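**Q** Handing you a structure now.
Laboratory data are not the source of any read-out in this text; all were calculated from the coordinates shown. None of these values were measured; they are calculated from a predicted model. Cβ sites come from the backbone with ideal geometry, for glycine too, and all protein chains shown count toward neighbours.
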Amino acid sequence: MKQTVLILAALPLLAACDPAAKPDAAEDQCGASGFQGLMGQPRTALDQLVLPDGTRVVGPDDMVTADYRTDRLNIEYDRKGVIHKIGCY
């Protein structure tokens, strides 16, 4: 009985050791994973790139529509002009 309780108590700890899953292809429809190297770079680094059609480059005070599109690449930068978020939404 004690052994069973001990095993059941250890299961959550073992689950925590499971490696993080790779992003699902559906979560990366816009190709954001290919642009993650831009994180922490200045916004001006985007000037040298050809971005996919429909990409939104969003600053801290920019207004954007609230529609959720997993096929649209969004790149956000902060007030210092540093890219801090890249994703499909």
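**Q** Kindly state, to the nearest 0.05, the FRET efficiency for Thr70 paired with Thr44, given R0 = 22 Å and r defined as their beta-carbon distance.
**A** The computed FRET efficiency comes out at 0.20.
**Q** Next question. How much of the calculated P(r) for segment 22-88 lies past 16 Å, in percent of all Cα pairs?
**A** Cα-Cα pairs of segment 22-88 separated by over 16 Å account for 44 percent.
**Q** Taking neighbour Cβ counts within 10 Å as the exposure measure, how do Tyr77, Tyr89 sort from fewest upward?
**A** Tyr89, Tyr77
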